[in-house]
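Notes follow the structure.
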Amino acid sequence: MSSAHLRVTHAGPLVSVQDAGRFRQLRYGVSPSGPMDRAAHAIANAALGYPEDATAIEVSLGGLVLECREGAVTFAIAGGAFSVNCGGKASASWGVHTLHEGQKLTIRGGSWGSWCYVAFAGNLSSQDWLGSTATHSMTKFGGGLLQSGQTLEITDAKVLADRVGDLPCPAFAHPDGTVHVVVGPQDQHFPQASIETFLNTAYRLTDKFDRMGLRLDGPILELSEALSIPSEPIVRGSVQVSGDGAPTILLSDHQTMGGYPKVATVVSCDLDRLCQMRASDRVKFVAVTPEQAIQLTRAEATRRRDYMDELSLPRTSLTERLLSENLVSGVINATDR
Amino acid sequence: MQPCFKPVADHSLLVEVSTEISEEANHTVLALDKAIIEARIDGLQEVVPALVNLLVIFDPLTTDHAQVEARIRALLPIKSAGQSASRHHVLDVCYDSELAPDLAAVAKASGLSTEAVISAHCAAQYRVGMYGFAPGYAYLAGVPEAIQVPRKTAPVRDIPAGRVMIAGPQCLCTTLIMPTGWSIIGATSAKIITGDPEQPFLFKVGDSVSFNRIRRESL
């Protein structure tokens, strides 16, 4: 079995190793971690024909530069619109390429998006914690944050020539500034006017945005009374309102319990797109019923499955197939917007 | 107690047993947690017990809030399970002043000597009410009223792992380097994140805990 050795010549903050997540451990205080954009992570793996939950690298806007010291490996990039250069050649931010010995891969922030994923045709050797390589950024448990100077080892590294090419960036990958929420579960602690403010005002993302959560800037949300409510479980997508009235959305590495009231919870199918937004972007929250939320998630799952089914086929004819099945209306050029 | 069900997004139900913290409410939560897991409800992914409520997470592609709620309602009324399945853990603690920077302040606030605070802390029996905040952070209910102190107004940074600390009725052994506003009264050699893949966490929610005073050299 051949392996590839990639030296990390630059890794920005919060560039980390992530599999799909560490599930079913919330009762021990362990959040799922895993990718901020789960769909893009899955797509990067699926583009190589690997399991969707395989270990990959999550690249933040801080960017990543890898240098292939030994071997060769095919890799896929998906998520946002990053600036990618592989072996001296600029390429689209969604695509499959091969990195050969002596070549460099440079990924930097581009026109939109906050996170992209690099999956390898091989096994990225990484530390496991509780059965998962997902990195919990606060404790660094799991595969860990990448550091400049370290060397990554890809065992069983493969060159998959038939998979090399551009990947279509699906429309569902792109944030559109709208996020669906189900009001509650502590809406009783907010006066009706506060809930209406939350739903009728565009909030801005602040730069207090990391893997734990995202603080919003906008009208403060008054509470009905000064509160000390018993802590309760938090989920990825909980919108909690702290004492100063500012809403914060909890994300992949969220704490598992919290005593701040939650005005709403983001519907799961909108979280990937929300995570791809950037500081100062505007977001509008639209309330749906729990039943509508389930319908939205099921419809999104169908769109993702259709896209994934196409990806599992060899690359050469992928774009044509998407075009012929008129899925192109759901495909946008990642550099266009 | 008649629980209240609240939908959370597209994938969870919050089951609220009470809005006030009490031992009885927590016992009911733990009994319900056990019953829900044993009921093997279709599409159920995870149950997360807290002090007075629990979260039931399900797969929105295969089930929905109404179906999961109906299955849980069918388990009611729930009988408090008592302590039958729970284990007792005795944790060694060293209360030496270098390892217990807040012991003197707790003694002062309680109007007791530091020895009396230590005796009270050791004499009490605690119960794992929930895990929360960070990996392995088990909230142990049962700090005697005589030594209860509020949280500090501002957290202190970089508290090492393995410290024993209290705030109000809760006691907690740290597992990570973390900031905290709790009062640090000792250090323990117990590993709550065990490193054993078969049983990665020392306690199960509902287990009981007590503390055994040891000398520094035994730590």
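The values are calculated or read from the model by the stated rules, or taken from the named source; none is laboratory data. Remember, predicted model here, so these are calculated numbers, not experimental data. Here Cβ is always computed from backbone atoms with ideal geometry, including for glycine, and neighbour counts include all displayed protein chains.
Descriptive notes on the structure:
- 2 or more residues more than 14 Å from every other protein chain (Cβ to nearest Cβ): qualifying strands (runs of 3 or more DSSP E) within the stretch A:159-250: A:203-209, A:213-217, A:247-250
- Test result for B:Val128, within 14 Å of chain A (Cβ to nearest Cβ) and β-branched (Val, Ile, Thr): yes
- Flag for A:Ile294 being closer than 30 Å to B:Glu20 by Cβ, at pLDDT 95 or above and either assigned by TED's automatic domain parsing to the domain that holds A:Cys169 or not polar (S, T, N, Q) (or both): no
So that you can scan it fast, the table gives a plain yes or no per residue for (1) modelled with pLDDT of 95 or more; (2) of a type in the set (Ser, Thr, Tyr); (3) in the same structural domain as B:Val205 (by TED's automatic domain parsing):
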residue: B:Ala81; (1), (2), (3): no, no, no
residue: B:Val106; (1), (2), (3): yes, no, yes
residue: B:Ser113; (1), (2), (3): yes, yes, yes
residue: B:Ser119; (1), (2), (3): yes, yes, yes
residue: B:Gly129; (1), (2), (3): no, no, yes
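- Restricting the stretch B:138-161 to residues that are outside any helix (DSSP H, G or I) and among the small types (Gly, Ala, Ser), the residue that is surrounded by the most Cβ atoms within 10 Å (Cβ to Cβ): B:Ala138
- Some residue of the stretch A:33-43 being polar (S, T, N, Q) and either assigned to a loop (DSSP other than H, G, I, E, B) or within 14 Å of chain B (Cβ to nearest Cβ) (or both): yes
- Restricting A:Arg211, A:Arg163 to those that are within 30 Å of A:Leu311 (Cα to Cα), basic (Lys, Arg) and in contact with a strand residue (DSSP E or B) (Cβ under 7 Å, 6 or more places away or on another chain) reduces the list to A:Arg163.
- Strands (runs of 3 or more DSSP E) fully within the stretch B:1-106 counting 2 or more residues that are within 30 Å of A:Ala299 (Cβ to Cβ) and within 14 Å of chain A (Cβ to nearest Cβ): B:4-8, B:12-16, B:44-49, B:53-58
- Verdict on B:Pro135 being assigned to a loop (DSSP other than H, G, I, E, B), touching a strand residue (DSSP E or B) at 6+ places or on another chain (Cβ under 8 Å) and at pLDDT 95 or above: no
- Subset tally (residues that are among the small types (Gly, Ala, Ser), over 21 Å from A:Pro219 (Cα atoms) and in a strand (DSSP E or B)) for the stretch A:251-281: 1
- Residues in the stretch B:162-219 that are of a type in the set (Asp, Glu) and within 12 Å of chain A (Cβ to nearest Cβ) were compared, and the one that is surrounded by the fewest Cβ atoms within 10 Å (Cβ to Cβ) is B:Glu198.
- Among the residues of the stretch A:34-45, those that are more than 10 Å from the chain's Cα centre (by Cα) and either within 17 Å of A:Ala81 (Cα to Cα) or surrounded by fewer than 24 Cβ atoms within 10 Å (Cβ to Cβ) (or both) comprise A:Ile43, A:Ala44.
- Considering the stretch A:134-158, and only residues there that are within 14 Å of another protein chain (Cβ to nearest Cβ) and in a loop (DSSP other than H, G, I, E, B), the residue that is surrounded by the fewest Cβ atoms within 10 Å (Cβ to Cβ) turns out to be A:Lys140.
- B:Ala9 free of Cβ contacts under 8 Å to residues at least 60 places away in the same chain, of a type in the set (A, V, I, L, M, F, W, C), surrounded by fewer than 17 Cβ atoms within 10 Å (Cβ to Cβ) and not assigned by TED's automatic domain parsing to the domain that holds B:Ser208: no
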